[in-house]
Amino acid sequence: MGARTGIINAYSDYEDVLRDIRRFTSLSNGSDVLTKALLGNYALLDRGRPLEDLRNSIFLTALSQNSRCPLCERAQVCALDHFLPKNHFPEYSILADNLIPVCERCNRLKGDECDRVGGLLMFHAYFDEFPDEEILFTEINIDKTVSIRYLLRHCEGIDDFTFKRVEKQFETLGLFDFYQMEAVSELTDQVDLYDETYGSLGDSGLRSTLSALARGAERKGVNHWKAALYRALSRSAEFCGGGYRKLLTAPTNATLGHGR
Ligand SMILES: [Zn+2]
């Protein structure tokens with residue numbers, strides 16, 4: 001029947017659709033019956049149902065890549081996100097390429113997000129490379145305590161459209177605030193290490209250690225939140241010169257709010 005051929009064609013067009021979402025017309029436009037049938041297919045991935053193996057193999061692939069959520073690079077994966085939301089793109093409700101293991105938080109925040117007018121999609125874990133130019137930065141401010149703030153900065157190697165996609169991903173997933181809180185927790189956990197290093201090796205020793213931690217984190221990507229944090233700490237003469245001690249006496253308070 002027509003629907004079957006249409007869906008097979010839609011599957012083979014998937015990568016083209018990702019390249020320009022603005023031109024996409026859903027196969028099920030105007031057909032409630034077809035939409036319902038296509039959405040109903042998703043339940044076939046449940047335990048004991050015919051497509052259970054498909055769900056398992058997608059999660060197994062994620063496990064082999066350390067199980068971190070590709071959207072926030074922090075939490076463990078536990079849910080399947082429809083990159084193109086199934087409510088708007090029911091033909092892709094069980095296409096493996098459209099099913100991405102993510103964490104609960106990102107799955108909830110992303111929801112049905114899809115900019116079909118502007119064509120600004122978030123980064124697809126299977127088909128897109130997140131920019132490897134340095135665009136995520138952390139600002140360190142030392143006053144009564146150590147405050148941190150994440151921000152994005154455009155750089156020459158990135159076109160405007162790609163940078164807008166990065167901004168959209170950060171805003172949709174609340175990543176500025178999320179990384180800020182993760183960084184606060186990291187600083188609190190590691191302050192004894194900073195103190196011991198400074199005690200035995202001085203500020204240059206602390207700077208080297210922080211640089212080494214930055215390089216280690218950069219293996220996960222130059223824009224990993226921890227890499228940006230440690231680059232900024234290692235570049236802060238005030239932090240390396242003893243400013244870190246504020247962490248010992250005053251609780252770190254992240255200045256929550258927009259990171260831009
Ligand atoms: Zn996540």
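Coordinate-derived values only; no laboratory data. Treat the numbers as computed from the prediction; the structure is a model and nothing was measured. Methodologically, a virtual Cβ is constructed for each residue, glycine included, from the backbone with ideal geometry; neighbour enumeration extends over all protein chains shown.
When Ala227, Ala217 are checked against the criterion of being crowded, with 21+ Cβ neighbours inside 10 Å and hydrophobic (A, V, I, L, M, F, W, C), a single residue qualifies: Ala227. Check every one of the helices (runs of 4 or more DSSP H) wholly within the stretch 26-116 and list those with 2 or more residues that are farther than 18 Å from Gly6 by Cβ and within 16 Å of the ligand (Cβ to nearest atom). Here the list reads 52-64, 104-110.
Taking the stretch 131-172 as the range and being touching an Asp or Glu at 6+ places or on another chain (Cβ under 9 Å), of a type in the set (A, V, I, L, M, F, W, C) and touching a residue at least 60 places away in the same chain (Cβ under 8 Å) as the test, the residues that pass are Ile140, Ile142, Ile148, Leu151, Leu152. Within the bounds of the stretch 155-166, is there any residue that is surrounded by fewer than 17 Cβ atoms within 10 Å (Cβ to Cβ) and in contact with a strand residue (DSSP E or B) (Cβ under 9 Å, 6 or more places away or on another chain)? No, because not a single residue in the stretch 155-166 is surrounded by fewer than 17 Cβ atoms within 10 Å (Cβ to Cβ) and in contact with a strand residue (DSSP E or B) (Cβ under 9 Å, 6 or more places away or on another chain). Looking at the stretch 230-242, which of the residues that are among the small types (Gly, Ala, Ser) and buried (at least 19 other Cβ atoms within 10 Å of the Cβ) is nearest to Lys144 (Cα to Cα)? If we take residues in the stretch 230-242 being among the small types (Gly, Ala, Ser) and buried (at least 19 other Cβ atoms within 10 Å of the Cβ), then Ser236 is nearest to Lys144 (Cα to Cα). For Glu139, work out the one condition from (1) buried (at least 19 other Cβ atoms within 10 Å of the Cβ); (2) acidic (Asp, Glu); (3) assigned to a strand (DSSP E or B) it doesn't fulfil. Only one criterion is unmet by Glu139, namely (1). Among residues of the stretch 96-113 that are of a type in the set (S, T, N, Q), those with a Cβ under 7 angstrom from a residue that is outside any helix (DSSP H, G or I) and away from the ligand (no atom under 14 Å from the Cβ), sequence gap 6+ or separate chain, pair up as Asn98/His82; Asn98/Leu84.
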